[in-house]
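Below: one structure, written as structure tokens.
Values in this text are rule-based calculations from the coordinates and carry no lab data. Everything quoted here is computed from the prediction, not taken from an experiment. Here the Cβ positions follow ideal geometry from the backbone for every residue, glycine too, while neighbour counts run over all protein chains shown.
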Amino acid sequence: MEINLSMGLFNMFKPGDLVPTSGVYATWHSTPHALIEHTICLEGQRFPGCRLCPLGVMYRLEKPGVPIFSTTNLPEQGFSAC
């Protein structure tokens with residue numbers, strides 16, 4: 001997996017934008033109903049909106065995601081986390 005860090009620390013995203021890199025994103029709401037949150041977003045999905053914020057939500061990548069294992073390395077009989 002290649003992590004795209006060239007987007008810069010201050011690149012902001014809005015609801016509906018495609019998530020460029022999986023990871024933890026800081027989330028700012030346009031109304032004071034929520035403090036800064038941290039949201040896990042997956043690459044290729046779209047950033048979600050907030051029905052309580054008329055001006056929307058903004059996202060910024062805080063921590064890029066790192067895969068913990070690859071399904072190609074799993075044994076043929078499957079994998080159990082228990």
Fill in the blank from the handout: If amide H atoms are modeled at 1.01 Å from N in the peptide plane, then the residues at a separation of 5 or more from GLY56, or on another chain, having amide H under 5 Å from its own are SER30
Problem - Förster radius 22 Å - calculated FRET efficiency between VAL66 and GLU37 (Cβ-Cβ, nearest 0.05) - result: 0.55
Completion exercise
Rounded to one decimal in nm, the spacing of the 7 Å Cα→Cβ label points at TRP28 and ARG51 is 2.6 nm
